[in-house]
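Below: one structure, written as structure tokens.
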Amino acid sequence: MLKQLLASVALAACATTAMAEVKVGLITTLSGGGAGLGIDTRDGFMLALEQAGRDDVEVVIEDDQQKPDVAVQLADRLIQSEKVDVLTGIVWSNLAMAVVPAATAQGLFYLSTNAAPAQLAGAGCNPNYFSVSYQNDNLHEAAGAYATKAGFANSFILAPNYPAGKDSLNGFKRFYEGELAGEIYTDLGQTDYAAEIAQIRASGADSVFFFLPGGMGISFLKQYADSGVDLPLIGPAFSFDQNILQAVGDAALGVKNTSSWSKDLDNAANAAFVTAYSEKYGRLPSLYSAQGYDTANLLLSAMDKAEVSDDEAFRAALMEADFDSVRGKFSFNASQHPVQDLYVREVVREGDILTNQIVDTAITDRGHAYEAECKM
């Protein structure tokens with residue numbers, strides 16, 4: 001009974017279910033190796049609602065356990081039994097692909113806090129699907145642009161074999177102008193990278209780009225540091241977020257990574273968010289936290305202008321993106337994905353904490369590569 005109560009948390013900013021005007025189903029990963037990503041997503045989202053002090057939102061939170069079948073079952077229950085108006089929260093793209101098309105086909109709005117696969121940006125775009133995070137390729141495109149600018153000419157690239165992994169390598173190659181010393185896909189959830197590191201060592205590469213989120217990134221970074229291979233590493237923020245950095249330790253120092261957000265972005269909304277999040281949760285926010293926070297504030301901004309039951313008006317209100325994003329400037333393109341700047345960060349030590357600081361801007365005002373395929 002206690003487990004069920006913890007799995008389904010209803011929040012109405014001190015309101016009751018009866019008072020709620022919009023019911024949100026937040027499905028995210030709260031257990032297993034990817035739990036830190038989902039916890040940060042949840043905590044960012046809920047912080048924004050708490051700060052708003054609203055009495056017209058109810059959130060039902062569920063743990064997808066990083067399993068597509070579980071995510072589908074949860075989404076079905078939230079739609080059919082809980083009668084939610086909006087779904088959000090999924091971290092992993094394979095889970096998003098299992099849930100989002102069916103949810104939007106049933107008239108639900110889906111606001112993505114993270115996963116944004118190419119299939120949902122191009123031909124599979126939908127009027128009820130908004131990505132508040134990015135399109136999956138974006139941070140990897142920024143890494144490719146940085147690798148080119150840094151003069152790397154023979155990069156070795158690797159990622160897990162699932163939709164976001166394929167998007168990541170496609171994105172890197174789109175903006176990388178050098179040659180490839182190697183390109184491999186690893187197993188999703190893999191923890192032993194001895195074979196891959198051996199291939200890197202023998203490849204003649206001058207640099208390594210990798211996308212390995214959550215526990216996968218922790219395992220790879222530790223093993224890479226122990227291997228003695230000293231080629232420069234480049235990765236997206238997913239492999240260098242706050243939880244991962246503390247687990248990896250000094251092996252991550254100095255590594256460049258790319259992001260659409262950083263705690264040192266100079267705008268008032270971001271400064272207030274970092275302070276409030278750190279005070280409430282006793283840790284620095286991550287990219288996942290920031291995206292969850294922005295998603296909740298986008299939702300609230302749309303609710304101020306339209307009823308969620310009026311699909312056309314609510315969609316138009318979401319498109320306006322009339323909220324103060326922690327990323328600074330923020331807008332949606334025609335396929336309802338962000339147009340935003342992408343940054344290069346470096347892992348540094350601030351006191352006892354490893355964190356990131358911005359050292360360059362990789363790409364400005366980036367939308368995505370699949371826009372022409374979206375026929376909405």
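Every read-out reported here was derived from the displayed coordinates using simple, explicitly stated rules and does not represent laboratory data. Just so you know, these numbers come straight off a predicted model, no measurement behind them. Methodologically, a virtual Cβ is constructed for each residue, glycine included, from the backbone with ideal geometry; neighbour enumeration extends over all protein chains shown.
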Loop only by DSSP, 11 or fewer other Cβ within 10 Å of the Cβ. Give me the trypsin sites (Lys or Arg not before Pro) in the stretch 42-104 that pass, ordered by residue number.
K83
What is the Cα centroid distance between the stretch 121-147 and the stretch 270-287, reported in whole angstrom?
25
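Using Cα pairs closer than 8 Å and at least 6 residues apart in sequence, work out the relative contact order for the stretch 244-376, in percent.
In percent, rounded to a whole number, it is 30.
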Count, lysine Cα pairs under 19 Å in the chain, 8 or more residues apart or across chains:
10
Angle check, please: helix 35-52 long axis (alpha carbons) against the longest principal axis of the chain (alpha carbons), in degrees 0 to 90, nearest 10.
40
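Add -39500 (n - 2.57) for each DSSP H run of 4 or more in the chain, then divide by its residues: what number comes out at 222 nm, to the nearest 500 deg cm²/dmol?
-12000 deg cm²/dmol
By the scheme Lys and Arg +1, Asp and Glu -1, what is the net charge of all other residues having a beta-carbon under 12 Å from that of G249? Provide the component values of the computation, followed by the final result.
Values: positive: K222, R349; negative: D226, D250, D352.
In short, -1.
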Looking at the square roots a ≥ b ≥ c of the eigenvalues of the Cα gyration tensor of the stretch 171-214, which shape do they give, rounded for a/c under 1.5, prolate if a/b is larger than b/c, or oblate?
oblate
Pairwise Cα inverse-distance average, inverted: Kirkwood Rh of the stretch 240-376 (Å):
16.5
Tell me, what is the Rg over Rh of the stretch 47-145, with Rh the Kirkwood radius over Cα pairs?
0.99
Run the dipole for the chain about the Cα centre, Lys and Arg Cβ at +1, Asp and Glu Cβ at -1, nothing else charged, and hand back the magnitude in debye, nearest 20.
420
Once a ≥ b ≥ c are taken as the square roots of the eigenvalues of the Cα gyration tensor of the stretch 88-183, is the result rounded (a/c under 1.5), prolate (a/b larger than b/c) or oblate (a/b not larger than b/c)?
prolate
Give me Rg over Rh for the chain, both radii from the alpha carbons and Rh done the Kirkwood way, two decimal places.
0.96
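Would you mind getting me the FRET efficiency between A316 and T275? Use the beta-carbon distance for r and R0 = 30 Å, nearest 0.05. Kindly include the intermediate steps, with their values, before the conclusion.
Numbers: r = 33 Å, r/R0 = 1.10.
Using R0 = 30 Å, I get an efficiency of 0.35.
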